Amino acid sequence: MSRRRAAVVLALVPLLAACATLPPQAAVAPTTPAVASSPLAAPQATVEEFPAPLPAPASSSATAAPSATAQPAATSAKPSATAKPSATATAKASATPKASASVAPKKSPSAPVDASACTGTTLALNAKGDCVAVAQKLLSAAQVLSGSANGTFAQSTANAVLNYQRSRGLTDNAVIGPEVWAALTAGKPAQAGAPAACSASGVVLCASKGARTLTLLRDGQAVKTINVRFGGMTRDDNGKLRIFPTVSGKYSVYAKDAKAFSDRWESSMPYSIKFNPNMYVHYSGDFAKRGYAGSSHGCINVGNLNDAKWFFDNTPVGAKVVVY
């Protein structure tokens, strides 16, 4: 009997050894596709992209890694690594709102100017007070006055009023009366368009006092447009401020002088295009320095020497000039 039991035991030993070996092999075999196809693999690679110093290269390398199924063990062998990047990603994510928060604050739009207490007041040169400051704020909003609202109606404010009146088709007298107050408070838009005379054949210089521009047209086609300055509030021979207008009308160029000089005003007028004895197109150093705070004595000032030369070279004697 004992011999039979011994024989049975010896026969079962190979079977037990085979059962102990095969199940682990069967368990290990599916692990490779399971890791490769696991939905957690992609998020792990995504989390590791955030700490990378160069996001684009890190992104491309992370994409290539899952396609290699030969190294699934490396992904599952470092579970602790997923915890560290998640902490890093959290830190960087919290930093992002701070950066956007610093950019978010923007200048709030300026509050509407209350002119109700001033619309019955007439303002002119040398006026002072709160209503002048209100008018200056409205002129600044209309983009015809630069500088602060100081409450003093000086030369620069007078020229701003003139430019505003011309751009809105109002009487240009540098006085803020009911008509100007109504336009300022209503936000009246600037006028657009040019007279038909600007589209005549040949070379035409079209000068818009409202837009403060000078355009050279050739056979009705605009070739070049620049910003210019017209006559306005400036000092006369006695040093007194008064208005010197650039008179609207149709003219013709009768002469040109690259080195013109004004004996009356003791100033040079380079690249002068003469279309009226009292009105030339020419370069102005004062316009280049002071801008629209000052004005000409009736001429059309060009603030860039190269632009003045270009118009001089491209405007022949006999060309038409339209001032409006």
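Throughout, read-outs are computed from the coordinates displayed, never taken from laboratory work. A quick note: this is a predicted structure, and the numbers were derived from the prediction, not measured. Neighbour counts run over all protein chains shown; Cβ positions are idealised from the backbone, glycine included.
Would you mind pulling out the separation of the Cα centroids of segment 275-322 and segment 129-164, in Å?
25 Å
Rg to Rh for segment 196-323: what is it, with Cα atoms only and Rh by Kirkwood?
Details: Rg = 13.7 Å, Rh = 14.5 Å.
Reported Rg/Rh, Kirkwood definition of Rh: 0.95.
So if each residue of separation counts as 0.36 nm, and I subtract the Cα-Cα distance between residue 288 and residue 226, what length gain in nm does that give? Mind showing how you got there, number by number?
Details: separation 62, 0.36 × 62 = 22.32 nm, distance 1.31 nm.
Full extension of this stretch gives 21.0 nm more.
Dimensions of segment 110-191 along principal axes (Cα, Å, largest first)?
Answer, in whole Å and largest first: 30, 26, 24 Å.
If you wrap a convex hull around the C-alpha atoms of segment 167-246 and split its volume per residue, what is the figure in Å³? Show your work: numbers first, answer last.
Working: hull volume 9.2 nm³, N = 80.
Convex hull volume per residue, Cα atoms: 115 Å³.
Under the 0.36 nm per residue contour assumption, what length would be gained going from the current alpha-carbon distance of residue 278 and residue 262 to full extension?
On the way: separation 16, 0.36 × 16 = 5.76 nm, distance 1.05 nm.
Full extension from residue 278 to residue 262 adds 4.7 nm.
Using Cα positions and a limit of under 14 Å, work out the aspartates and glutamates in reach of residue 224, with same-chain residues fewer than 8 apart set aside.
307, 313
Please report 289, 256, 224, 274 as a ranked list, fewest other C-beta atoms within 10 angstrom at the top and most at the bottom.
Details: 289 10, 256 18, 224 13, 274 21.
By the 10 Å Cβ count, ascending, the order reads 289, 224, 256, 274.
Here are some pairs, 240/289; 128/259; 137/274; 250/289; 137/250; which of them have Cα atoms lying more than 32 Å apart in this structure?
Details: 240/289 21 Å; 128/259 42 Å; 137/274 38 Å; 250/289 30 Å; 137/250 36 Å.
The answer is 128/259; 137/274; 137/250.
Got the relative contact order for segment 132-223 handy, in percent, Cα pairs under 8 Å and 6 or more residues apart? Mind dumping the intermediate values first?
Numbers: 117 pairs, mean separation 18.5, N = 92.
Reported as a whole number, the value is 20 percent.
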